[in-house]
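> Let me begin by handing over the structure; questions about it come next.
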Amino acid sequence: MADMVFCNSELVENYVHYRPTPPDELIATVVNFVKEKRPLPLQVCVDVGCGSGQSTWLYSSHFQQVFGLDVSLEQLEAAKRTSFHNVVYKEGMAESMPFEDNSVDLVTSCEAAHWFNLEKFCAEVDRVLCPGGVLACYGYSFCKPTFAGRNLRLTMEELSHSVERYRTEGHKHLLSDYTTLPDFYPEEVVVRSSKGKFSVESDATLDSILGYISTWSSFGKLKSFEGEEASAKFLLNCKQKLLDAMGTKEENVLMKRRYDYFLRMWRKPSA
Ligand SMILES: C[S@@+](CC[C@H](N)C(=O)[O-])C[C@H]1O[C@@H](n2cnc3c(N)ncnc32)[C@H](O)[C@@H]1O
């Protein structure tokens, strides 16, 4: 049974506004790996746990058909606001995908594989992938803000730890750059987040960093288990901790924010 924390319209709206899009270089690395062994033009890509489509549409110019799959109807509704002629969003589970055997060139999962039953997902990926097809799992651990030369990474980590009672068992995979995921196939490519190869940096406001914090599933659970007041108090505390770390009382300052993506991908053997 999937965790339904993402079936919440408010959380999804925050997701649309505050979650990042993976960098072009990461998508190119994945697509080029698929091209090494699959005939051109590439046919089918399935993005599992697609959420509101942050990663899905990026494959539309590389594949004839792209599917985004998710258990959350709220996320899918938000994803459907973007329109690409060859991208279709479907309700479905990572553990029982609505696709034929040997029919998919690429299965991707951005910031989502740690939510799946990995044993069942592994079996489904093996069933739907064509021989020579690729599974790519990628994500990022935290947003890393900076302000006037001060790095706020540790503050963000502390804030996240303060709600770790609401993390799932699977979060350990996210915090390890997915190095603890099972070895799906012997042929593998690994890029750790510390390599800085797939980083995205942009300007940010304090409000947008707090908006990002409000997309954490652990924050969503704190809100549903402890109530509105407790969640508002948590966000106020986050604001104060960030201001303290920035060494300012001024809330309307321009900050920077970086996401360091990691990637693990595997190729299904050709024969
Ligand atoms: C952290 S969000 C990631 C969304 C998006 N891929 C992104 O890059 O931001 C995880 C998504 O996985 C979905 N999800 C969780 N368990 C799932 C499962 N077993 N099968 C399919 N989707 C699942 C959730 O509904 C949620 O939309």
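The values are calculated or read from the model by the stated rules, or taken from the named source; none is laboratory data. Just so we're clear, the structure is a prediction, and the values are computed from it rather than from any experiment. Cβ coordinates were reconstructed from backbone atoms using ideal geometry, including for glycine residues, and neighbour counts include every protein chain displayed. Remember, those area values only see protein heavy atoms, side chains included, never the ligands or the DNA or RNA. Shrake-Rupley method; radii C 1.70, N 1.55, O 1.52, S 1.80 Å.
> Using 1/(1 + (r/R0)^6) with R0 = 30 angstrom and r between the beta carbons of D126 and D24, what's the FRET efficiency to the nearest 0.05?
Calculated transfer efficiency: 0.55.
> Which peptide among 257-264, 109-116 comes first, and what is the full order, when sorted by highest mean count of other Cβ atoms within 10 Å? The partial results should precede the final answer.
Numbers: 257-264: 22.1, 109-116: 24.0.
Listed from highest to lowest mean packing, they are 109-116, 257-264.
> Arrange the residues H62, H161, H85 by how much accessible surface each exposes, largest first, with a 1.4 angstrom probe.
I get H85, H161, H62, largest accessible area first.
> Applying a 10 Å radius around every beta-carbon, put 43-50, 75-82 in order of their mean neighbour count, most first. Walk me through the numbers before you get to the answer.
Numbers: 43-50: 25.6, 75-82: 17.5.
For the peptides 43-50, 75-82, the packing ranking is 43-50, 75-82.
> Which chymotrypsin sites (Phe, Trp or Tyr not before Pro) in region 76-112 pass both tests, a DSSP loop state and at most 14 other beta-carbon atoms within 10 Å?
F84
> Obtain the nm distance between the two label points defined at L236 and E119 by a simple spin-label model: each point lies 7 Å from its Cα along the Cα-to-C-beta direction.
Using points 7 Å along Cα→Cβ, the separation is 4.6 nm.
> For region 163-246, which GluC sites (Glu not before Pro) are in a loop by DSSP, counting at most 13 other Cβ atoms within 10 Å?
On the way: sites: E164, E169, E187, E188, E201, E226, E228, E229; in loops: E169.
Listed in order of number, the matching sites are E169.
> Right, here's the next one. I'd like to know which of S55, V31, P20 lies farthest towards the positive end of the charge dipole of region 1-90, counting +1 on Cβ of Lys and Arg and -1 on Cβ of Asp and Glu.
Comparing the listed Cα positions along the dipole, V31 ranks first.
> If I stretch the segment between D3 and Q43 completely, what's the gain in nm (0.36 nm per residue apart, minus their alpha carbon distance), one decimal?
That pair, D3 and Q43, stretches by 11.3 nm at full extension.
> What is region 24-76's relative contact order, in percent, from Cα pairs under 8 angstrom and six or more apart in sequence?
That works out to 36 percent.
> Taking only C-alpha pairs under 8 Å that are 6+ residues apart, what is the relative contact order of the chain in percent?
Working: 509 pairs, mean separation 62.4, N = 271.
Here the relative contact order equals 23 percent.
> How much of D203 can a 1.4 Å solvent probe reach, expressed as accessible area in Å² and rounded to 10?
Its accessible surface works out to 80 Å², give or take rounding.
> All other residues with a Cβ under 15 Å from the Cβ of D70 taken together, and with Lys, Arg as +1 and Asp, Glu as -1, what is their net charge?
Values: positive: R19, K80, R81, K90; negative: D3, D47, E74, E77, E91, E95, E111, E124.
Result for the neighbourhood of D70: -4.
> For region 9-267, give the share of DSSP beta bridges that are antiparallel, in percent and rounded to the nearest 5; count only bridges with both residues there.
On the way: 24 of 43 bridges.
That works out to approximately 55 percent antiparallel.
> Could you pull the accessible area for W57 with a 1.4 Å probe, rounded to 10 Å²?
W57 has an accessible surface of roughly 90 Å² with all protein chains in place.
> Further question on the same structure: First check a/c for region 144-230, with a ≥ b ≥ c the square roots of the eigenvalues of its C-alpha gyration tensor; if it is under 1.5, answer rounded, and if not, answer prolate when a/b is larger than b/c or oblate otherwise.
Verdict is oblate for region 144-230.
> Below 8 Å, C-alpha to C-alpha, sequence gap of six or more: please give me the relative contact order for region 1-144 in percent.
25 percent
> Convex hull over the Cα atoms of the chain, averaged projected area in nm²?
Mean projected area for the chain: 13.9 nm², to one decimal.
> Counting only other residues whose beta carbon sits under 11 Å from that of F99, what net charge do I get with K and R as +1, D and E as -1?
Counting the neighbours of F99, the net charge comes to -1.
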